[in-house]
Amino acid sequence: MIEIIICDDEIKDLQDISKIVCEVCLNEVIDYNLKTYSSGEEMLDQTYSMDIGILDISMSELNGIDLGRELKKRFPEVKLIYITSYEKYCQQVINKVHAFSFLTKPVKYENVREQIVDLLDSMENDASGRKREFYDVTTSDKHKIEVLKLDLKDILYFEYIKSARKIKIVCRNDSYEFSYVMEKLTNELREFGFEVNCRGMLVNMRHIRKVKGYLLHMDNGQEISLSQKRKADFVKKMNVFMHNNFN
């Protein structure tokens, strides 16, 4: 599911672009979840995960450029589309927040459709080679799945459940359990940015918002443990990963 967030402090414009985005997603058969905000501050306070941000540049409290810069810090892989009435802002945004594209007001259906389709193609290409199949999986509501294919970027962490002798996969919107060897999984996924944070856990470093004390603050609002013994080495590896992938 694609998480889309729109932020514009002009309520009429916010309603118009939201309606168009919904129509595009329905017509293109895109599995999506849409949230809207009329304030950048409110959006930052209430957002724990996102794939696409559609932001108005000229907002009165927190402008779209500063909002986009903060979103890029929290969610390095987020794709940003800016809405503007002034083309002079375009180069400024490209330089500061690496916007994916722009929409000029008044926003039109065909322009939105083109940008979203191109953006999803780009996201699919970014994730190529990073899908993994998991076998004999149990969902959080106890359904059985013979083969489950997941994008590794969508997984927050793995946790070994000793009582069940299974590994739990925690994603943004769901969790799963399957049988596997934790040490083997760790060795297979390290090259994709996963690292052991404490005994029995393997975390996706791209979803860490910050490290504070012996806690990892994840981009979905969760806090998970970081062992004292592993902290120095973990932080070093995380800094290298972030530098190599998001600078």
statement: Expressed in nanometres to one decimal, the distance between label points 7 Å along Cα→Cβ at Asn111 and Lys142 is 5.2
For the range 10-56, the spread of Cα positions along each principal axis, largest first, Å: 32, 25, 12
field: Computed over the chain, Cα set: Rg, Dmax in Å
entry: 19.4, 60
Nearest-0.05 FRET efficiency for Asn244 and Arg69, computed from C-beta distance (R0 30 Å): 0.90
Length added when fully stretched, Ser225-Leu152, from 0.36 nm per residue minus Cα-Cα: 24.2 nm
query: What do the square roots of 5 times the Cα gyration tensor eigenvalues come to for the range 169-247, in whole Å, largest first, as semi-axes of the equivalent ellipsoid?
result: 19, 15, 14
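R0 = 25 Å: FRET efficiency of Leu215 with Tyr135, Cβ-based, nearest 0.05?
Approximately 0.15, to the nearest 0.05.
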query: Which value, in Å to one decimal place, does the Kirkwood hydrodynamic radius take for the range 45-87 when every pair of different Cα atoms is included?
result: 10.8
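Just tell me the longest site-free run in the chain, where the sites are trypsin sites (Lys or Arg not before Pro) in a DSSP loop having at most 15 other beta-carbon atoms within 10 Å.
1-87
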task: Work out the charge dipole of the chain with +1 on the Cβ of Lys and Arg and -1 on the Cβ of Asp and Glu about the Cα centre, then indicate which of Ser140, Met242, Ile17 is farthest towards its positive end.
output: Met242
query: What nm distance separates the two modelled labels at Leu44 and Ser163, each placed 7 Å from Cα along Cα→Cβ?
result: 4.0
- prompt: Over the range 2-126, what relative contact order in percent results from Cα pairs under 8 Å that are six or more residues apart?
  reply: 25
statement: For the chain, the dipole about the Cα centre with charges only on Cβ (Lys and Arg +1, Asp and Glu -1), to the nearest 20 debye, works out at 1480
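Taken together, the values in this text are just the output of simple stated rules run on the coordinates, not laboratory data. Note that this is a predicted model, so its numbers are computed, not measured. Cβ atoms come from the backbone with ideal geometry, glycine included; neighbour counts cover every protein chain shown.
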